[in-house]
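Trainee: Okay, handing you the structure first.
The values are calculated or read from the model by the stated rules, or taken from the named source; none is laboratory data. Not measured: the values here are computed from a predicted model. Backbone-built Cβ (ideal geometry, glycine too); neighbour counts: all protein chains shown.
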């Protein structure tokens, strides 16, 4: 559970002109599909229920034909991150240990942060991200590090693999893995196979790709997917198990 008033967070999110998750160009061009406040399960023993939680807006990627791999809109991501912090370009540049002109180039699209190394930028700004909205914007950086590497749209991905992409020789943000996976599922980029309640132990497939990959998808399929997504984890597991059983009986 998260305690901060949802309406207050939504109003603050709008005032700060935050970027929509996952920070892709297409996501910035469409209205939000959902506002989410995701709890950090690893912080469940903290005396502050909001410690480590993430607040973000997402667009359902099953409602349009997304690019794959999903690219990053760096100007939107940087502006949204800076807006969530409530700082000027000069102040943000100081956090990043750079000049203001560099941040201006990032936000105008004339260059990208650290040649696209999202983990470097995340390392610099993360100590300053305290609120659920600020941490939600950090998920856009996490997505920028992960989504370009999910290059096989028909593959099955382990949660531990996705979290591992947030770790490099110089940086380790793999603790954001559960929050990122929750956001990817919330935005209908990935769908969980046989949910266990532990994001890192689950397996995922790209739901958005499977929705638009075939012109032979029957008319009833999108509605069925939405119905299954709305079920509880236990009910969804029952449906998946039943489908697998029926598939084995089919000639």
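Trainee: Hey, could you check segment 19-43 for residues that are closer than 17 Å to residue 180 by Cα and part of a loop (DSSP other than H, G, I, E, B) and say which is modelled with the lowest pLDDT?
Mentor: The initial filter retains those residues of segment 19-43 that are closer than 17 Å to residue 180 by Cα, namely 19-24, 27, 34-43.
Cutting the leftovers down to part of a loop (DSSP other than H, G, I, E, B) gives us 19-20, 22-24, 39-40.
Details: 19: 98, 20: 97, 22: 96, 23: 96, 24: 96, 39: 80, 40: 67.
Among those residues, the one meeting the criterion is 40.
Trainee: If you don't mind, another one. Taking the stated definitions as given, is residue 108 surrounded by fewer than 18 Cβ atoms within 10 Å (Cβ to Cβ) and in contact (Cβ under 8 Å) with a residue 12 or more places away in the chain?
Mentor: On the way: surrounded by fewer than 18 Cβ atoms within 10 Å (Cβ to Cβ): yes; in contact (Cβ under 8 Å) with a residue 12 or more places away in the chain: yes.
Taking the combined requirement at face value, the residue satisfies it.
Trainee: So, one more: Which ones in segment 160-187 are in contact (Cβ under 8 Å) with a residue 60 or more places away in the chain and touching a strand residue (DSSP E or B) at 6+ places or on another chain (Cβ under 8 Å)?
Mentor: Matches in segment 160-187: 179, 182, 183, 184, 186, 187.
Trainee: Does residue 122 satisfy being in contact (Cβ under 8 Å) with a residue 40 or more places away in the chain and loosely packed, with under 15 Cβ neighbours inside 10 Å? Steps first, answer last, please.
Mentor: Working: in contact (Cβ under 8 Å) with a residue 40 or more places away in the chain: yes; loosely packed, with under 15 Cβ neighbours inside 10 Å: no.
No; evaluated as a whole, the condition is false for this residue.
Trainee: Just to be sure, is residue 165 crowded, with 19+ Cβ neighbours inside 10 Å, modelled with pLDDT of 95 or more and within 17 Å of residue 61 (Cβ to Cβ)?
Mentor: Values: crowded, with 19+ Cβ neighbours inside 10 Å: yes; modelled with pLDDT of 95 or more: yes; within 17 Å of residue 61 (Cβ to Cβ): no.
The answer is no for residue 165.
Trainee: When you scan segment 144-157, do you find a residue that is within 19 Å of residue 36 (Cβ to Cβ), over 12 Å from the mean Cα position of the chain (by Cα) and at pLDDT 90 or above, even just one?
Mentor: No, because not a single residue in segment 144-157 is within 19 Å of residue 36 (Cβ to Cβ), over 12 Å from the mean Cα position of the chain (by Cα) and at pLDDT 90 or above.
Trainee: Contact list please: Cβ distance under 9 Å, first residue in segment 221-241 and over 18 Å from residue 194 (Cβ atoms), second residue modelled with pLDDT of 70 or more, pairs at least six apart or on different chains.
Mentor: From residues that are over 18 Å from residue 194 (Cβ atoms), the pairs are 222/62; 226/62.
Trainee: Quick check: is even one residue across segment 190-211 within 19 Å of residue 36 (Cα to Cα), exposed (fewer than 14 other Cβ atoms within 10 Å of the Cβ) and either at pLDDT 70 or above or in contact with a helix residue (DSSP H, G or I) (Cβ under 9 Å, 6 or more places away or on another chain) (or both)?
Mentor: yes
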